[in-house]
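Every number here is computed from the coordinates shown, using simple stated rules; none is lab data. Keep in mind that this is a model prediction, so the values were computed, not measured. Neighbour counts run over all protein chains shown; Cβ positions are idealised from the backbone, glycine included.
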Amino acid sequence: MIYVNNKPILLVCDNTAFVKMLPCLAEIMREADTGFPYDGAKQHYVLDIDNAKLSKEVIAILEPVTPLPKPKKKVK
């Protein structure tokens, strides 16, 4: 997982960056490949991280709409 400002933005599996399929990304990622990062996962966009401009745009769109993760409960 890649975090930006403590928010989980990108999922990296097998050297591939995946982005959650959200309506706010539909237009910018319309030509992107899609795939499943792991068995049982929902379908994600595959982000071409070599395209710096697109990667920056995706991160700029996702960061404000991605919530901070909920704190984990301590196990006693």
Estimated 222 nm signal from helices in the chain, with DSSP H stretches of n ≥ 4 weighted -39500 (n - 2.57), rounded to 500: -6000 deg cm²/dmol
Pairwise Cα inverse-distance average, inverted: Kirkwood Rh of the chain (Å): 13.3 Å
Towards the positive end of the charge dipole of the chain, with charges on Cβ (+1 Lys, Arg; -1 Asp, Glu), say which of V46, V75, F18 has the farthest Cα. V75
Under unit Cβ charges (Lys, Arg +1; Asp, Glu -1), what dipole magnitude, rounded to 20 debye, does the chain have relative to its Cα centre? 820 debye
Student exercise: in the chain, how many lysine pairs 8 or more apart or on different chains have Cα atoms under 23 Å apart? 15
